[in-house]
1. Answer rounded, prolate or oblate for the stretch 158-264, using the Cα gyration tensor with square roots of eigenvalues a ≥ b ≥ c: rounded when a/c is under 1.5, else prolate when a/b is larger than b/c, else oblate.
2. Just to verify a number: FRET efficiency for R115 and K10, C-beta to C-beta distance, R0 = 60 Å, to 0.05?
3. Taking amide H positions as placed 1.01 Å from N in the peptide plane, with prolines and chain starts having none, which residues 5 or more places from Y108, or on another chain, fall under 5 Å of its amide H?
4. Sequence-distant or interchain residues sharing an amide H contact under 5 Å with Y62, placed H: which?
5. How much accessible area per residue does the stretch 396-461 have, counting only protein heavy atoms and a probe of 1.4 Å, in square angstrom?
6. Just to check I understand the Karplus step: with θ = phi - 60° and J = 6.51 cos²θ - 1.76 cosθ + 1.60, what whole-Hz values come out for the stretch 33-43, glycine and proline as x?
7. Straight distance only, please: which lysines reach the Cα of K366 with their own Cα at less than 26 Å, same-chain residues fewer than 8 apart left out?
8. Which whole-Hz ³J(HN,Hα) couplings does the stretch 277-289 yield from phi under the Karplus relation 6.51 cos²θ - 1.76 cosθ + 1.60, θ = phi - 60°, glycine and proline marked x?
Amino acid sequence: MSSLDEKVLKVFSDVAVDKLLTRLEVVSRLPRFIAEYLISKYYRSDPVNWMKKLTKVIEGYYPDPRDKDKVLSKAKREGRITLIDEYKVVVNLKKNMYFLHIPNLQIYDALVSERIVSQYERILSGLWGVGVLEYRPELVEAVMARGRDKFSFTPLVLVEFEPFQVYNIDVKVFTEGRKAFTMWEWIDLLIKSIGLNPLMYSRRQKLLLLTRLVPLIEGNVNLMELGPRATGKTYLYRNISYYTRIYAGGTISAARLFYDARLRLLGDIGTRDSVIFDEIAKIRFTNPDEVVAKLKDYMVDGFFERGQLKRAHSDCSLVFMGNIELGYEGILGDITGYLPSFMRDTAFLDRIHGLLPGWELPKILKSDIHLARGYGLAVDYLSEILHRMRAYSFEALVEQHVELLGNYTIRDEKAVKKLLSGLLKLVFPHGEFDNRELMEVVSIAVELRQNIVNILSELAPYEFPRKRLNAKVLG
């Protein structure tokens, strides 16, 4: 083991995991935060036979979607089945029913015990766990007997549920643990924790990589990243947090994003920590004028309204990601050419806090070179830490130690402080640093906003004249 591995095990023994194990074929179909949760659980309970037990559980409880009919046949034959999945409950007020989504079986109209919905409210927005489903054909017969109230559903009922989550998390233990590491040891630990090999990144690239985590740890951050394929953009948001929703192209409605007036349900912006718009060039809105207007309003201060919903607030962060083509001399074409039309609106673009230059990050191509090995924090633990640290603001620390220099607008100032607050939570969660270390982080935050300022100047040079943002560390 490296000296960093030894330190990680000493300080975070209960939540450290060997990242090499997460590449096992048996867990390859699971999101990383679920895979590491299960590996940690079974390895700690039985270091000798854990692999055999884990394999048996996944093979038995997480079937391949192609085996759907075999699973349903077993339910019919035995009366109950146990499955690992991301269960989601939706409310149907017209029928006065809760319907259960079981994605792995492509079932969207099963049933669920109301006790489970009351006990685990997060299941309304999707929750991974082990569920016991009973086959109850008599329920269909009872509904059919009611005559005029006919409606169809799958007679599987979720009667028992154990969510996958980390219990008894103490953020103070995490922040105190940071004191045992130097700044760059800590950054390497975080990079290993998200599954990547820190040796493949320069110091600058490491800070850029960590910036991807800012929307997960800081509320109401609007971040854009443009970069080539295979740099891990989508992978990170899909595998590092329970609390994200990714739209990978396709058509998006105001109901899904903000509020469904028909079902009286909050959309993803009201229930998630971060909403990620992947492949932004392929994003379409059902009603572009309504959705873009509401997004612009929301991006200012986190408030939104729709229909009967008046003045709701959320701290959900927004991430806009796009693929670009690189040539030998850099980006092919103008950056704005990779943006959809609604993002070329300067009023919209000005509300984005920073542009992450993903074109500077290396492609992740070979597992034995680019992926992590050795010990890092378990992703399910890190996910929960990021979620809980959203409740803390480091903006007072920014005010105390950083002076912004240059012709900052109110939005420029807000953007840099938001980005910097998130970066400080990641790099200095214990609130301790020297001026040199702090300046390295400050420079990244200022640069990301400068990238937005530069694009605004290109799009509307008279409204947004060229300027240079700067900052210095006080004291």
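1. Oblate is the answer for the stretch 158-264, as a/c is 1.5 or above yet b/c matches or exceeds a/b.
2. For R0 = 60 Å, the calculated efficiency reads 0.90.
3. Residues meeting the criterion, in which the H sits 1.01 Å from N, are I102.
4. Answer set, sorted by chain and number: I84.
5. With all protein chains present, the stretch 396-461 gives 37 Å² per residue.
6. Rounded to whole hertz, the list is 5, 7, 4, 5, 4, 5, 4, 4, 4, 7, 5.
7. Counting by Cα, and skipping residues close in sequence, K366 has these lysines nearby: K19, K192, K206, K233.
8. 9, 8, 6, 4, 5, 9, 6, 10, 10, 5, 9, x, 4
The values are calculated or read from the model by the stated rules, or taken from the named source; none is laboratory data. In this text the structure is predicted, and so the values were computed from the model without any measurement. So basically every Cβ, Gly included, is an ideal-geometry build from the backbone, and we count neighbours across all protein chains shown. All accessible areas refer to the heavy atoms of the entire protein, side chains included, with ligands and DNA or RNA removed. Shrake-Rupley method; radii C 1.70, N 1.55, O 1.52, S 1.80 Å.
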